[in-house]
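The values are calculated or read from the model by the stated rules, or taken from the named source; none is laboratory data. Because the structure is a prediction, the values reported are computed rather than measured. Backbone-built Cβ (ideal geometry, glycine too); neighbour counts: all protein chains shown. What goes into the accessible areas is simple: the full protein's heavy atoms, side chains included, and nothing from ligands, DNA or RNA. Shrake-Rupley method; radii C 1.70, N 1.55, O 1.52, S 1.80 Å.
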Amino acid sequence: MKNLSFLTLSSFALSSLMLVACMGGSSSTSSTSSTLTFSGTAAIGAPIANGTVTVIDATGSQVGTATTGSDGSYTLDFNPSNFTAPFVIKVSGSVGEAEETLVSVQPTASTSVVNITPITNAISALMSSSGNPLDLLTNITNERNNITTTRDRKSTRLN
């Protein structure tokens, strides 16, 4: 049983590191600056080219949209005084003939690299009350408390 609690802590630590690696780091920019930038890459291994990136704030207001480049990259500048953190970022587009919709989150109002990948989508699913990452977007006013820089984990014990 001692090994199980170590495994749970190790899994949590690994998950936390993966979240930081996948979502990118954030550079510290004061939320009082006149412009913040979210940028990153939308990809499922291959880039999601010409996809539509939509950013929603904690009140359900649309912060803005951007189109991904041929390499899946996007940039969205906005005035932070008009919006409230946390933010949910969605990309919709195609890779080959497959339509993809993925979600990522940004808990704070800071200039940040916010990649949108299957891993950020899975992390977003864990933050959603229903397990559906799109619910963070469509029901943000109820889900926003689930989007934090850290998430409490309850240890699980096998019987």
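Some notes on this structure:
- Subset of the range 78-123 (residues that are of a type in the set (Phe, Trp, Tyr), open to solvent by less than 40 Å² (accessible area, probe 1.4 Å) and in contact with an Asp or Glu (Cβ under 8 Å, 6 or more places away or on another chain)): Phe87
- All conditions in (1) touching a Pro at 6+ places or on another chain (Cβ under 8 Å); (2) farther than 22 Å from Ile123 by Cα; (3) open to solvent by less than 50 Å² (accessible area, probe 1.4 Å) hold for Gly72, with the sole exception of (2).
- Residues (in contact with a helix residue (DSSP H, G or I) (Cβ under 8 Å, 6 or more places away or on another chain) and under 19 Å from Glu100 (Cα atoms)) located in the range 129-145: Gly131, Asn132, Pro133, Asp135, Leu136
- For first residues located in the range 124-149 and β-branched (Val, Ile, Thr) and modelled with pLDDT under 90, partners that are assigned to a helix (DSSP H, G or I) and open to solvent by less than 60 Å² (accessible area, probe 1.4 Å) and lie 6+ apart or on another chain with Cβ distances below 8 Å form the pairs Ile147/Met127; Ile147/Leu136.
- Taking the conditions (1) crowded, with 21+ Cβ neighbours inside 10 Å; (2) touching a helix residue (DSSP H, G or I) at 6+ places or on another chain (Cβ under 7 Å) in turn, Val55 satisfies each one other than (2).
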